[in-house]
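Enquirer: Structure in structure tokens, see below.
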Amino acid sequence: MASAELSRRVKGVLGFPPLSGMGADQRRELEEALRDAEGFEDLPGKWQAAVLAAEQAGHENVERLRAALDALQADTSERDWEATLAGAWVELWHPDIEWDASTHPLPDLAGVYRGREATLAWWRQWLAAWEAVRVEYELIEAGGRVVGLFHQRMRGAYTGIDVRSGKYAMVFTFRDGLLVRAKFYASQSEALEAAGLRK
């Protein structure tokens, strides 16, 4: 069912447009609920169940991402980082992950990386530069996506100099509970706007 038709049918029954701010997974859940509905009389209950399922999936995505970030932050050496990347992070990534660091401020890391191996190579290259990394972050669920607002401090592996990254953000997109796309933003407000949380 096309999104316009889906929106028209649900708006007619429930009296409001449901698709603004919904991610693709949420729309798919709603479409399934509509197909399963035996008539419009049970649509509000099906709608509510679909919305609750989508919200639960969004919360689970936030918690999966938080667990991976916390695991990486707890690491104290390159060997620890490697184990965490190979475990908690790779397990979170969809096989077709796209890691979009095209606007990253470090030219050697700027680019779009596709697939687990390429994304893992990006992480290894970035982490190799640091002796220690500490991250302050906030995760915001945004309809099938998660916005991460970050501020980090690093200590150079070769210089021992402490460096602050400034504030930046990433928008993470999930499919079937796995991270399928991550996009870097130098500006937190730009990331929030891209996720539909600010205009």
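Quick note: the coordinates plus some simple rules give every number you see, no bench work behind them. Nothing here was measured: the structure is a model prediction, and the numbers come from that model. Virtual Cβ from ideal backbone geometry, glycine too; neighbours counted across all protein chains shown.
Enquirer: Using Cα-Cα distances under 8 Å and only pairs 6 or more residues apart, what relative contact order does segment 90-194 have, in percent?
Expert: Details: 212 pairs, mean separation 28.1, N = 105.
Relative contact order here is 27 percent.
Enquirer: Here is a follow-up. What ranking of ASP176, ASP70, ASP100 emerges when the number of other C-beta atoms within 10 Å of each C-beta is taken as an exposure proxy, fewest first? Write out the running numbers ahead of the final one.
Expert: Values: ASP176 9, ASP70 13, ASP100 18.
Result, fewest neighbours first: ASP176, ASP70, ASP100.
Enquirer: Further question on the same structure: Please sort 123-130, 145-152 by packing, taking for each peptide the average over its residues of neighbouring beta carbons within 10 angstrom, highest first. Walk me through the numbers before you get to the answer.
Expert: On the way: 123-130: 15.5, 145-152: 20.8.
Descending mean neighbour count gives 145-152, 123-130.
Enquirer: Starting from 0.36 nm per residue, how many nanometres of slack lie between ALA132 and GLU193 once their C-alpha separation is accounted for? Write out the running numbers ahead of the final one.
Expert: Working: separation 61, 0.36 × 61 = 21.96 nm, distance 3.11 nm.
Value of the extension gain: 18.8 nm.
Enquirer: Also, I was wondering about something else. Around ALA169, under 15 Å between beta carbons, what's the net of Lys plus Arg minus Asp minus Glu among the other residues? Walk me through the intermediate numbers first.
Expert: Working: positive: ARG145, LYS167, ARG181, LYS183, ARG198; negative: ASP100, GLU136, GLU138, GLU141, GLU190, GLU193.
Charge balance in the 15 Å sphere: -1.
Enquirer: If you don't mind, another one. At q = 0.21, 0.27 Å⁻¹, what is the log10 ratio I(q)/I(0) for segment 121-173, with the Debye formula run over Cα points and no solvent?
Expert: The computed values of log10 I(q)/I(0) come out as -0.82, -1.02.
Enquirer: If you take the beta carbon distance between ARG116 and ILE161 as r and set R0 to 30 Å, what does 1/(1 + (r/R0)^6) give as a FRET efficiency, to the nearest 0.05? All intermediate terms of the calculation are to be shown ahead of the outcome.
Expert: On the way: r = 32 Å, r/R0 = 1.07.
Working from the Cβ atoms, E equals 0.40.
Enquirer: In the calculated pair distance distribution of segment 83-151, what percentage of Cα-Cα distances lie above 13 Å?
Expert: Working: 1700 of 2346 pairs.
Of all Cα-Cα distances in segment 83-151, 72 percent exceed 13 Å.
Enquirer: In addition: How high is the FRET efficiency between LEU109 and GLU60 when r is their beta carbon distance and R₀ equals 35 Å, given to the nearest 0.05?
Expert: Numbers: r = 29 Å, r/R0 = 0.84.
Here the calculated transfer efficiency is 0.75.
Enquirer: Now for a separate question. Provide the convex hull volume over Cα atoms per residue for segment 77-194, in Å³. Intermediate results must be reported in sequence, preceding the final value.
Expert: Values: hull volume 11.7 nm³, N = 118.
Cα-based convex hull of segment 77-194, divided per residue, equals 99 Å³.
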